[in-house]
Amino acid sequence: MKIAILDAKSLGEGISLEPIGRLGECIVYPQTLEMEIEERIKDSDILVLNKVPMNKETLKNAKKLKLICMTGTGTNHIDVAYCRSRNIAVTNVKGYCTDSVAQHTLSMVLYLFGHMGFYREYTASGAYIEDHAFSHYSTKFSELKGKQWGIIGLGEIGKAVGRLAKAFECSVVYYSTSEKNDDGEFERTTLEGLASQSDIITIHAPANERTIGMVDGKLMDSMKDGVVLVNTGRGLIINEKDLADRVLAGKFGGVGLDVIDGEPMAKTSPLTAIMDHPNVLITPHVAWAAIEARQRVIDEVALNIQAFIDKKPRNML
């Protein structure tokens, strides 16, 4: 089998591609531009990729191709229907980053809820050296214990975050964006109820027709003043102009974003107005990327390839 890994750079450094490499004749490209796709895949049996577009145009001369392996969950850049018409199998990986994203979510909440940015800057600026008191607490912060933590989207990541919240003795409620998820471990509520009553709100939902733009100005206005809002789901769920306006107006105690509408951030993004705000923490879509999670992706892709070879397909779309 000839295997081409088209955008290995998307998985970063420090991981081993050997689980895939030992399954066939493997060539690794750090990244692949659209103009390079046709030449690089024309003799391949198997492709491994993350964001490289796979459609009628890019696949037209890939006559030997049998399998496309995603190094992630989302497949919006793959024309799955066309692949099926060509008898090209498509697989993805699931559940590889649950712990990583939950950990990043908690890190953001702790940083924002405790106003760690302010206190770090206070000390780093040298102001503590000039202070006459042993302790400085001009910016108030609270304990998590007893606070309500609202979770939008209770998939595996949402559940993991809920359990972390419970470890801090928070009251955990959730809103099911599909309106189908009923979980006895946590209390289910409406979106409006969650927004108006929660001290911390974290988002772990997919972007679809039900969720895109769901967190808009109207919903934000119904939230408590000083609420901490964190999104590690999908950027399109939040109306970023509405968010920026309310950050600047002092609505939020903290805002953490690991996902935004358009990645990397555009110069015209409304978020540029708040990206250096002391109550805002924006990270570059890295919540999923703990080294263990990135290695898990490779291991899962290798299992998908081996299962396909053995005619026992797994994670097939």
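Consider residue 73 carefully, then state whether it is within 15 Å of residue 297 (Cβ to Cβ) and without any contact (Cβ under 8 Å) to a residue 60 or more places away in the chain.
For residue 73, the condition - within 15 Å of residue 297 (Cβ to Cβ) and without any contact (Cβ under 8 Å) to a residue 60 or more places away in the chain - is met.
Looking at (1) loosely packed, with under 15 Cβ neighbours inside 10 Å; (2) closer than 27 Å to residue 121 by Cβ, which is the only condition residue 260 fails?
Status for residue 260: all satisfied but (1).
Testing residue 288 on (1) within 30 Å of residue 46 (Cα to Cα); (2) part of a helix (DSSP H, G or I); (3) open to solvent by 40 Å² or more (accessible area, probe 1.4 Å), one condition comes back false. Which one is that?
Here residue 288 clears every test but (2).
Looking only at region 62-72, decide whether some residue is polar (S, T, N, Q) and open to solvent by 10 Å² or more (accessible area, probe 1.4 Å).
We begin by selecting, within region 62-72, every residue polar (S, T, N, Q); these are 71.
Filter once more, keeping what is open to solvent by 10 Å² or more (accessible area, probe 1.4 Å): none.
The answer is no; no qualifying residue exists.
Going by the conditions given, is residue 293 open to solvent by less than 10 Å² (accessible area, probe 1.4 Å), within 16 Å of residue 97 (Cβ to Cβ) and part of a loop (DSSP other than H, G, I, E, B)?
no
Select from region 223-242 the residues that are open to solvent by less than 50 Å² (accessible area, probe 1.4 Å), in contact with a helix residue (DSSP H, G or I) (Cβ under 7 Å, 6 or more places away or on another chain) and not acidic (Asp, Glu) and list them in ascending order.
Selection gives 223, 228, 230, 231, 232.
What pairs come up if the first residue lies in region 45-56 and is in contact (Cβ under 8 Å) with a residue 24 or more places away in the chain, the second is charged (D, E, K, R) and surrounded by fewer than 24 Cβ atoms within 10 Å (Cβ to Cβ), and their beta carbons are under 6 Å apart, counting only those six or more places apart or on different chains?
Close Cβ pairs (under 6 Å, with a partner that is charged (D, E, K, R) and surrounded by fewer than 24 Cβ atoms within 10 Å (Cβ to Cβ)) amount to 45/2; 45/64; 45/66; 49/7; 50/7; 52/7; 55/79.
Yes or no: region 265-279 includes at least one residue that is open to solvent by 10 Å² or more (accessible area, probe 1.4 Å), touching a residue at least 12 places away in the same chain (Cβ under 8 Å) and either closer than 18 Å to residue 76 by Cβ or β-branched (Val, Ile, Thr) (or both).
No; the residues of region 265-279 include none that is open to solvent by 10 Å² or more (accessible area, probe 1.4 Å), touching a residue at least 12 places away in the same chain (Cβ under 8 Å) and either closer than 18 Å to residue 76 by Cβ or β-branched (Val, Ile, Thr) (or both).
Which pairs do you get when a residue that is modelled with pLDDT of 95 or more, found in region 212-227, comes within reach of a residue that is basic (Lys, Arg) and open to solvent by less than 40 Å² (accessible area, probe 1.4 Å), reach meaning Cβ atoms under 7 angstrom, with the pair 6+ apart or on two chains?
Listed by first residue and then by second, the contacts come to 220/251; 225/251.
Quick one: which helices (runs of 4 or more DSSP H) sit completely within region 122-206 and have at least 3 residues that are open to solvent by less than 40 Å² (accessible area, probe 1.4 Å) and within 27 Å of residue 74 (Cα to Cα)? Write out each step before concluding.
Values: elements: 127-130, 156-167, 191-197.
Passing ranges, in order: 156-167.
In region 173-191, how many are touching a Phe, Trp or Tyr at 6+ places or on another chain (Cβ under 9 Å) and at pLDDT 95 or above?
8
What number of residues in region 263-277 are in contact with a Leu (Cβ under 9 Å, 6 or more places away or on another chain) and either modelled with pLDDT under 95 or assigned to a helix (DSSP H, G or I) (or both)?
Summing the residues that are in contact with a Leu (Cβ under 9 Å, 6 or more places away or on another chain) and either modelled with pLDDT under 95 or assigned to a helix (DSSP H, G or I) (or both) in region 263-277 gives 3.
Can you name the condition, by its number, that residue 151 falls short on among (1) without any contact (Cβ under 8 Å) to a residue 60 or more places away in the chain; (2) out of contact with any Gly (no Cβ under 9 Å at 6 or more places or on another chain)?
(2)
Condition (residue is open to solvent by less than 70 Å² (accessible area, probe 1.4 Å), under 30 Å from residue 140 (Cβ atoms) and modelled with pLDDT of 95 or more) applied to region 33-53: is it met by at least one residue?
no
State the number of residues belonging to region 280-316 that are free of Cβ contacts under 8 Å to residues at least 40 places away in the same chain and under 20 Å from the mean Cα position of the chain (by Cα).
4
The values are calculated or read from the model by the stated rules, or taken from the named source; none is laboratory data. As the structure is a prediction and not an experimental result, all values here were calculated from the model. Note: ideal-geometry Cβ built from the backbone for every residue, glycine included; neighbour counts use all protein chains shown. Ligands, DNA and RNA are excluded from the accessible area calculation, which covers all protein heavy atoms including side chains. Shrake-Rupley method; radii C 1.70, N 1.55, O 1.52, S 1.80 Å.
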